Amino acid sequence: MSDHETAPPEVDHEDEIPADHPRYTDLLTRHRIEAGVEKGITHLQGMHAEGRGSAFDYLLGEQTLPTADEAERAAAAHLLLADHPVLSINGNVAALVPGEIVILAETVEADLEINLFNRTPERIEAIADHLREHGADAGEIKGLEADARLPNLEHERAKVDADGIYAADVVMVPLEDGDRAEALDELGKTEIVIDLNPLSRSPQVADVPIVDNIVRAVPNVTDHARELADADPADLEAVVESFDPDDALAEAEERIRRGAVDD
Ligand code: ATP
């Protein structure tokens, strides 16, 4: 078997996936998404999204590009500078990085808001429970009220919390749908998007597009935030200013088109 082939992933628990498998991350993320669907936190559509992401990650060599690391550092600086940062959670985010996103929220003092494309009360409650099981403070999860609307979107997809995403100055929206990313952009939010497809609309409208797998990106943003925690605002501004979103997108696209998985 070549390094990039995948063994059949039929395991009941993620601990059974051999940690030395060359495609361990891919097997793990697939397993977590399947478990998320079974637990009612991830929509079936989330499996398709995962499949698309997995293909892009394969072409990126399943590693964080230097430009993605710069984006993750710029994201950390934006979150630390923000007055009201919010991290948006959908069914894939909850399935893939529940503990990691809770730790990031604590590190940068951000709110967590559940924000679903396929919104049902049952899924919202299941995701809130899942986040609480992974350390989120009971009662501190937003997205349950949905008492404000983003402009130019139909009713269900427009819903957000008035004191959450609607009032935020900086929002991190991992794996966001393109229409909603554009609506947030039009509202003037500083938008951080995590998406493995650099050609997708969401990273294209983002102030900080992070073209990386969310399982690598979120812990790395936290590491940068810890390192920058005592930096002066002027130094944080310098980190923000030195990041070029167009360069980061172009570098990721070039890497994917080259498809050079082994260098
Ligand atoms: P558009 O934003 O143009 O509407 P789309 O319809 O392909 O694009 P969605 O289904 O809304 O996208 O979202 C899925 C996106 O999430 C894909 O671009 C996919 O590459 C990305 N994605 C999936 N899994 C991951 C992951 N683990 N980490 C980062 N990005 C991921």
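Where a number appears in this text, it was derived from the coordinates with a stated rule and is not lab data. The structure presented is a predicted model; accordingly, all values stated were derived computationally and were not measured. All Cβ positions, glycine included, derive from the backbone under ideal geometry; neighbour counts span all protein chains shown.
Would you call Thr29 assigned to a loop (DSSP other than H, G, I, E, B), of a type in the set (S, T, N, Q) and farther than 19 Å from Thr190 by Cβ?
Considered against the rule, which asks whether it is assigned to a loop (DSSP other than H, G, I, E, B), of a type in the set (S, T, N, Q) and farther than 19 Å from Thr190 by Cβ, Thr29 comes out as no.
If the requirement is being free of Cβ contacts under 8 Å to residues at least 24 places away in the same chain and touching a helix residue (DSSP H, G or I) at 6+ places or on another chain (Cβ under 8 Å), which of these qualifies: Ala136, Ala158, Ala148?
None of the other options fit; the residue is Ala148.
Which of the residues spanning region 136-190 are on the phi < 0 side of the Ramachandran plot, out of contact with any strand residue (DSSP E or B) (no Cβ under 7 Å at 6 or more places or on another chain) and among the small types (Gly, Ala, Ser)?
Residues satisfying the conditions are Ala138, Ala167, Gly178, Ala183.
Scan Glu106, Glu122 and give me the residue that is without any contact (Cβ under 8 Å) to a residue 60 or more places away in the chain, more than 22 Å from Asp195 (Cβ to Cβ) and part of a helix (DSSP H, G or I).
Just one listed residue meets the conditions, Glu106.
Looking only at region 35-62, filter to residues that are away from the ligand (no atom under 13 Å from the Cβ) and within 21 Å of Asp195 (Cβ to Cβ); which one of those is surrounded by the most Cβ atoms within 10 Å (Cβ to Cβ)?
Ile41
Tell me which residues, restricted to region 77-103, are part of a loop (DSSP other than H, G, I, E, B) and out of contact with any Phe, Trp or Tyr (no Cβ under 7 Å at 6 or more places or on another chain).
Across region 77-103, the qualifying residues are Ala82, Asp83, His84, Val97.
Is it true that some residue in region 89-107 is more than 18 Å from Arg132 (Cβ to Cβ) and more than 12 Å from the ligand (Cβ to nearest atom)? Lay out the reasoning, then the answer.
We begin by selecting, within region 89-107, every residue more than 18 Å from Arg132 (Cβ to Cβ); these are 92, 107.
From the residues that got through so far, the ones that are more than 12 Å from the ligand (Cβ to nearest atom) too are 107.
Within region 89-107, one or more residues are more than 18 Å from Arg132 (Cβ to Cβ) and more than 12 Å from the ligand (Cβ to nearest atom).
Residues that are within 7 Å of the ligand (Cβ to nearest atom) and touching a Lys or Arg at 6+ places or on another chain (Cβ under 9 Å), at least 1 per element: which helices (runs of 4 or more DSSP H) completely within region 154-218 meet that? Please lay out each step first, then the result.
On the way: elements: 155-158, 178-186, 201-205.
Counting at least 1 such residues, we get 178-186, 201-205.
Give the residues of region 93-118 that are over 14 Å from the mean Cα position of the chain (by Cα), surrounded by fewer than 17 Cβ atoms within 10 Å (Cβ to Cβ) and within 27 Å of His48 (Cα to Cα), sorted by residue number.
Hit for region 93-118 is Asn118, nothing else.
Scan region 119-133 for residues that are surrounded by 15 or more Cβ atoms within 10 Å (Cβ to Cβ) and away from the ligand (no atom under 16 Å from the Cβ) and jot them down. Quick ask: steps written out before the conclusion?
Narrowing region 119-133 to residues surrounded by 15 or more Cβ atoms within 10 Å (Cβ to Cβ): 119, 123-124, 126-132.
Passing the criteria: Arg123, Ile124, Ala126, Ile127, Ala128, Asp129, His130, Leu131, Arg132.
From the list Asp235, Asp246, exactly one residue is within 22 Å of Thr107 (Cα to Cα) and either touching a Leu at 6+ places or on another chain (Cβ under 8 Å) or assigned to a helix (DSSP H, G or I) (or both). Which is it?
That would be Asp235, the only listed residue that is within 22 Å of Thr107 (Cα to Cα) and either touching a Leu at 6+ places or on another chain (Cβ under 8 Å) or assigned to a helix (DSSP H, G or I) (or both).
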